[in-house]
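Below is one structure, written out as structure tokens; comments come after it.
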Amino acid sequence: MILSFRKSASRECVESAVRRLAENGLNCQIVAGADNLVIVVTSPCEALPGHFFSHLEGVEKVVKLTARSPLAAESGCAVVQIGSPAGRGRIALGQGKEPVVIAGPCSVESREQILATAQAVKAAGAQVLRGGAFKPRTNPYDFQGLGLDGLKFMAEAGQASGMPVVSEVMDVRDIEAAEPYLDVFQVGARNMYNYDLLKELGRQTKPVLLKRGLSATIDELLQAAEYILVSGNLQVILCERGIRTYETRVRNTLDLSAVVVLKSLTALPVLVDPSHATGKRAYVRALSRAAIACGADGLIVEAHLEPERSISDAAQAIEPAVLKEIVDDAAVLSDALGKRDRTPSLPDLKLPVS
Ligand code: PEP
Ligand code: MN
């Protein structure tokens, strides 16, 4: 059950409701919504009458839960703000906003590489920089990433190019050290089921980009998002990155129906990663177009200055010129589909009425 409080309800009022619930043997959690406080009752509450909940002081709405991921369905941020104007730059991602293209190499390979790549992807029109420093590799002998040093290079590249940065954390123990150097925590596909990691990221104040597991259902993805949301962080970005099927011509199978289904079940922003979905650079542009056409709020794409020489995922890396085509396609498509936010970002000009 979710108890949604009036905007005017004070923290004390909500805490006193928590005490009343506890007196009646119910466990619950306070979650801060965009403009009000919400209590999620996590114990079964059938024993108590409905008016017990609706009569608690300050309660505006009582929602009985049938969904397994109620916060993802009702309370997540529809628009996630990435970065800060004082830092590496700020971008709004989600409902009604321009499609956001996040781009960069699979791995941060060196300081020089990420600094130069950041400038190139920015010039191609990307708004956010990606790059892995902690790399989840299938083979333990493969390059494992530069770790914290790589993240420091990312932060520098983001600062120099004016782009917020996204990077993966694989372990709860890395979160604190990584936090200052990134603007969005990425949870990789292999870690979608790492519930301790999800809970800890739920206690952070920066957004989380949550990738769908290789064999995860849409509902499992939403329940993974729920772990982050119920731990207090409502800024979750979902990402469809292809699932494992019997098909071998592509690295994974891009499940575009997941984008459509997710958009019908949650207001959270949904991204598509056409790079890991296909594993082949030749297919990345076409699937990027398809993703925007079916309602994705943006893309996360692997781009490299010398794609064939990428240390990891070379076969799927695209060059900046192709990235530019993808950014241009996304703008054209979202205009054609009437999805682009037309609210001016500068104060509206008052044109004389003729
Ligand atoms: C990545 O984005 O670098 C990555 C490892 O992706 P995924 O977790 O989707 O495989
Ligand atoms: Mn990769």
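Residue by residue, here is whether (1) of a type in the set (Phe, Trp, Tyr); (2) closer than 30 Å to Gly162 by Cα; (3) modelled with pLDDT of 90 or more holds:
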| position | (1), (2), (3) |
| --- | --- |
| Ala17 | no, no, yes |
| Thr42 | no, no, no |
| Glu60 | no, no, yes |
| Ser69 | no, no, no |
| Gly76 | no, yes, no |
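Looking only at segment 182-204, how many residues end up being away from ligand 1 (no atom under 16 Å from the Cβ) and either in contact with a Phe, Trp or Tyr (Cβ under 9 Å, 6 or more places away or on another chain) or within 11 Å of Val236 (Cα to Cα) (or both)? Even if it seems obvious, please write down each step before you answer.
Residues of segment 182-204 away from ligand 1 (no atom under 16 Å from the Cβ): 195-196, 199-200, 202-204.
When the remaining residues are screened for being either in contact with a Phe, Trp or Tyr (Cβ under 9 Å, 6 or more places away or on another chain) or within 11 Å of Val236 (Cα to Cα) (or both), the result is 195, 199, 202, 204.
Residues that pass the stated criteria total 4.
Inside segment 19-44, can you point out the residues that are in a loop (DSSP other than H, G, I, E, B) and closer than 18 Å to Arg6 by Cα?
To start, the set of residues in segment 19-44 that are in a loop (DSSP other than H, G, I, E, B) comprises 24-27, 33-36, 42-44.
Selection gives Gly33, Ala34, Asp35, Asn36.
Identify all residues within segment 83-93 that are among the aliphatic types (A, V, I, L, M) and outside any strand (DSSP E or B); write none if there are none.
Hit for segment 83-93 is Ala86, nothing else.
Given the conditions (1) within 10 Å of ligand 2 (Cβ to nearest atom); (2) assigned to a loop (DSSP other than H, G, I, E, B); (3) in contact with a helix residue (DSSP H, G or I) (Cβ under 8 Å, 6 or more places away or on another chain), and given that Ser312 satisfies all but one, which numbered condition is not satisfied?
(3)
Which is more than 29 Å from Leu3 (Cβ to Cβ), within 16 Å of ligand 1 (Cβ to nearest atom), β-branched (Val, Ile, Thr) and out of contact with any Asp or Glu (no Cβ under 9 Å at 6 or more places or on another chain), of Val208, Val259, Val250? Step through it out loud before you land on a result.
Values: Val208 fails: more than 29 Å from Leu3 (Cβ to Cβ); Val259 fails: out of contact with any Asp or Glu (no Cβ under 9 Å at 6 or more places or on another chain).
It is Val250.
Consider segment 284-309. How many of its residues are more than 16 Å from ligand 1 (Cβ to nearest atom), in contact (Cβ under 8 Å) with a residue 12 or more places away in the chain and in contact with a helix residue (DSSP H, G or I) (Cβ under 7 Å, 6 or more places away or on another chain)?
The total comes to 8.
From Ala73, Ala47, which residue is among the hydrophobic types (A, V, I, L, M, F, W, C) and in a helix (DSSP H, G or I)? Working first, answer last.
Values: Ala47 fails: in a helix (DSSP H, G or I).
Being among the hydrophobic types (A, V, I, L, M, F, W, C) and in a helix (DSSP H, G or I) holds for just one of Ala73, Ala47, which is Ala73.
Tell me, please, whether a residue that is of a type outside the set (Asp, Glu), surrounded by 14 or more Cβ atoms within 10 Å (Cβ to Cβ), in contact with a Cys (Cβ under 9 Å, 6 or more places away or on another chain) and under 19 Å from Val236 (Cβ atoms) can be found in segment 46-57.
Within segment 46-57, not a single residue is of a type outside the set (Asp, Glu), surrounded by 14 or more Cβ atoms within 10 Å (Cβ to Cβ), in contact with a Cys (Cβ under 9 Å, 6 or more places away or on another chain) and under 19 Å from Val236 (Cβ atoms).
Please specify each residue of segment 156-204 satisfying the condition of being of a type in the set (D, E, K, R) and either surrounded by fewer than 16 Cβ atoms within 10 Å (Cβ to Cβ) or within 17 Å of the chain's Cα centre (by Cα) (or both).
The first filter runs over segment 156-204 and keeps only residues of a type in the set (D, E, K, R), leaving 156, 168, 171, 173-174, 176, 179, 183, 190, 196, 199-200, 203.
Correct list: Glu168, Asp171, Arg173, Glu176, Glu179, Asp183, Arg190, Asp196, Lys199, Glu200, Arg203.
How many residues does segment 53-67 contain that are assigned to a loop (DSSP other than H, G, I, E, B) and either within 7 Å of Phe5 (Cα to Cα) or in contact with a Ser or Thr (Cβ under 9 Å, 6 or more places away or on another chain) (or both)?
Initial filter on segment 53-67 (assigned to a loop (DSSP other than H, G, I, E, B)): 55-58, 64-67.
Those left that are additionally either within 7 Å of Phe5 (Cα to Cα) or in contact with a Ser or Thr (Cβ under 9 Å, 6 or more places away or on another chain) (or both): 56-58.
Matching residues across segment 53-67 total 3.
Each row is one residue, and each column tells you yes or no for (1) in a loop (DSSP other than H, G, I, E, B); (2) at negative phi; (3) among the small types (Gly, Ala, Ser); (4) surrounded by fewer than 24 Cβ atoms within 10 Å (Cβ to Cβ).
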position: Ile237; (1), (2), (3), (4): no, yes, no, no
position: Glu247; (1), (2), (3), (4): yes, yes, no, yes
position: Ser275; (1), (2), (3), (4): no, yes, yes, no
position: Ala290; (1), (2), (3), (4): no, yes, yes, yes
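Tell me whether segment 324-340 contains one or more residues that are modelled with pLDDT of 95 or more, in contact with a strand residue (DSSP E or B) (Cβ under 9 Å, 6 or more places away or on another chain) and within 16 Å of ligand 2 (Cβ to nearest atom).
No: segment 324-340 contains no residue that is modelled with pLDDT of 95 or more, in contact with a strand residue (DSSP E or B) (Cβ under 9 Å, 6 or more places away or on another chain) and within 16 Å of ligand 2 (Cβ to nearest atom).
Is it the case, given these coordinates, that Glu109 is among the charged types (D, E, K, R), at pLDDT 95 or above and part of a helix (DSSP H, G or I)? Spell out the reasoning first.
Numbers: among the charged types (D, E, K, R): yes; at pLDDT 95 or above: yes; part of a helix (DSSP H, G or I): no.
Judged against the criteria, Glu109 is not a match.
Quick one: count up the residues across segment 210-233 that are surrounded by fewer than 21 Cβ atoms within 10 Å (Cβ to Cβ), within 16 Å of Leu198 (Cβ to Cβ) and out of contact with any helix residue (DSSP H, G or I) (no Cβ under 7 Å at 6 or more places or on another chain).
Total satisfying the criteria: 4.
Output yes when any residue across segment 94-104 is assigned to a loop (DSSP other than H, G, I, E, B), touching a Ser or Thr at 6+ places or on another chain (Cβ under 9 Å), loosely packed, with under 15 Cβ neighbours inside 10 Å and not β-branched (Val, Ile, Thr), and no when none is. Write out each step before concluding.
Step one: filter segment 94-104 for residues assigned to a loop (DSSP other than H, G, I, E, B), giving 95-99.
Still in the running and touching a Ser or Thr at 6+ places or on another chain (Cβ under 9 Å): 96, 98-99.
The next check asks that each one be loosely packed, with under 15 Cβ neighbours inside 10 Å; those that pass are 96.
From the residues that got through so far, the ones that are not β-branched (Val, Ile, Thr) too are 96.
There is at least one residue in segment 94-104 that is assigned to a loop (DSSP other than H, G, I, E, B), touching a Ser or Thr at 6+ places or on another chain (Cβ under 9 Å), loosely packed, with under 15 Cβ neighbours inside 10 Å and not β-branched (Val, Ile, Thr).
So, in segment 109-155, how many residues would count as being surrounded by fewer than 24 Cβ atoms within 10 Å (Cβ to Cβ), closer than 25 Å to Pro99 by Cα and under 21 Å from the mean Cα position of the chain (by Cα)?
3
The values are calculated or read from the model by the stated rules, or taken from the named source; none is laboratory data. Model, not experiment: these values are computed from the prediction. No Cβ is skipped: glycine too gets one built from the backbone with ideal geometry, and neighbour counts run over all protein chains shown.
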